[in-house]
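**Student:** Can you keep this structure in mind? I'll have questions shortly.
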Amino acid sequence: MPITTTKSAFWAGVRDGAPFILVAGPFALLFGVLATEAGLNVFEVMTFSLVVIAGAAQFTALQVLENDAPTVVVILSALAVNLRVAMYSAALTPYLGKAPLWQRVFAAYLLVDQSYALSHAKFEAAPELSVPQRMAYYFGTCLLVMIFWFGMSYLGAALGTQLPQDLPLDFALPIAFLSMVAPMVRTLPHLIAAVVAVVVGLLAVSVPYSLGLIIAGSAGMMAGAQAELMLKGRGA
Amino acid sequence: MIDSATLWTVIIGLGVGSFLLRFTFLGFVGDRPLPPWLLRHLRYTAVAILPALVAPLVVYSGENGSTDISRVLAAVATMGVGMWTRNVFAAIGAGAATLFVMVYLL
C-alpha cells in the first residue's frame, strides 16, 4: 500500500517495526534479570533502560561496573560500544535533517538499530516521501519496539530475584553479545576487526582500570578500516 | 555489589553521552558529508568492541581464571551458528543448548 498521508506513513512504520519486538523484548528481559542479579533495584533498572535505550551499551556498563573499574572507564567503554549510533545519525541526516529541531531531538533519543535499519531502507526505496512523512514513518517504527523495551525490562527486573540459583546466568551475557555480533561479520575486514580485537583483548586483560577493552576495540577498528582500504586498493 | 553513587553517575553519564552520539549529526552537522576515514572506522566499532569484551569472559570463565570448557564450547556454538544462519535466535539457542548439555554432562 503506497504511503499517501503522514498518518499512513506512521502506521506503515508501526507495521514494519512489529517483528522487531522479538529481538528487543528478550534482550530487555535479560538486561532486567542481570541488572537485578547485580544488585540494582527496579527503579534503577527502569531508569537505566529509559535513559540509555541501548542493549549492548547497557550490558557493557553492567559488566565493567562489576569489574570495579573507575566510573569514567565504565562510561567510556559503554559509549564505545554505542559509537555505531553516531554512524546511524549521520546516515539519516540527509533524510531527516530538515525536520524541526524538537522532532530531531526526539528522533535522536529513539535512534536504535531497528529504527535506523528500517527507516534508512525505506527512505532509500521511497525517495518521494516528504520530510513529515519520513518522520512519521520513523516514529512509527519505534512505537512497539519501545513499548516492549520498557515493558520487558520491567518484567526482567521483577523476575530477576525469583529465578532458580543454579542457572548458569553468568554466561547469558557472552552468549547475548556473540549472537548480536555473529550476523554482523559479513566481510573479511569485519572478521579481521573481530579477530584482532579478541587477540588484543586477551593480551590486554591485565591493563589497569579495565582500559584493555578500549585499547582492544580501537585496535580492532583500525585493523578493520585498514583491511578495507587494502582490499579496495587491490580492486577486490 | 555496585555502589549507588557510582551507578547513578554511570546512568546519567551514559544517558547524556548516548544522546549526544545520536544527536550530533542529526542536530548539529546537518547534511554536510562526513570524512570517509571516520565512517570507515565507525563501520567496525561493534564487530571489534563486543568480541573484545567477550573474549576474556570466555577464556577465563572457570574458577580462579581457569578455562571452562563448557563455556568455551557454548561461545563457539553461538558464534558459529550466528555466522552461518545470520539469525540471532538460532545463535542464542545453539549457545544455550550447548551450555546446558555440557554443564549437565560434566
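**Student:** Grab the beta carbon distance between A:K232 and A:K98, set R0 = 41 Å, and tell me the FRET efficiency rounded to 0.05.
**Tutor:** Values: r = 32 Å, r/R0 = 0.79.
For A:K232 and A:K98, the calculated efficiency is 0.80.
**Student:** When Cβ neighbours within 10 Å are restricted to other protein chains, what is their mean count per residue of peptide B:79-88?
**Tutor:** Values: counts 8, 2, 3, 9, 8, 2, 2, 5, 3, 10.
Whole-number average of other-chain Cβ neighbours for B:79-88 is 5.
**Student:** Could you tell me the center-to-center distance, by alpha carbons, between segment A:148-191 and segment A:74-98 in angstrom?
**Tutor:** Answer, in whole Å: 22.
**Student:** Quick check: pseudo-label points 7 Å beyond the Cα along Cα→Cβ at B:L39 and A:I147, how many nm apart are they?
**Tutor:** 3.6
**Student:** Now a separate question. Straight distance only, please: which lysines reach the Cα of A:K7 with their own Cα at less than 30 Å, same-chain residues fewer than 8 apart left out?
**Tutor:** Straight-distance partners of A:K7: A:K98, A:K122.
**Student:** While we're looking at this one, here's another question. Roughly how many nanometres apart are two label points built 7 Å out from the Cα toward the Cβ at A:D68 and A:L159?
**Tutor:** For A:D68 paired with A:L159, the spin-label model returns 3.2 nm.
**Student:** What percent does the relative contact order of chain A come to when contacts are Cα pairs within less than 8 Å and at least six residues apart? Don't skip to the end; give the middle numbers.
**Tutor:** Numbers: 266 pairs, mean separation 74.9, N = 236.
It rounds to 32 percent for chain A.
**Student:** On average, how many beta carbons from a partner chain sit within 10 Å of the beta carbon of a residue in A:20-32?
**Tutor:** Mean partner shielding for this stretch: 1.
**Student:** Expressed in nm², what is the orientationally averaged projection area of the convex hull enclosing the Cα positions of chain A?
**Tutor:** Details: hull surface 60.7 nm².
Computing the convex hull of the Cα atoms and averaging its projections yields 15.2 nm².
**Student:** For peptide A:213-225, what's the mean number of Cβ atoms from other chains within 10 Å of each residue's Cβ?
**Tutor:** Taking all residues of A:213-225 together, the mean is 6.
**Student:** Stretch B:I69-B:F89 to full length: gain in nm at 0.36 nm per residue minus the Cα-Cα span? Please report the intermediate quantities before stating the final value.
**Tutor:** Numbers: separation 20, 0.36 × 20 = 7.20 nm, distance 2.27 nm.
Result for the pair: 4.9 nm of gain on full extension.
**Student:** Scan segment A:1-66 for chymotrypsin sites (Phe, Trp or Tyr not before Pro) in coil per DSSP, keeping those whose Cβ has at most 10 other Cβ atoms within 10 Å, and list them by number.
**Tutor:** On the way: sites: A:F10, A:W11, A:F20, A:F27, A:F31, A:F43, A:F48, A:F59; in loops: none.
Here no loop site has a sparse enough neighbourhood.
Bear in mind these aren't lab numbers, they're just calculated from the coordinates by the rules spelled out. All figures in this text were calculated on a predicted structure; none of them were measured in a lab. Cβ coordinates were reconstructed from backbone atoms using ideal geometry, including for glycine residues, and neighbour counts include every protein chain displayed.
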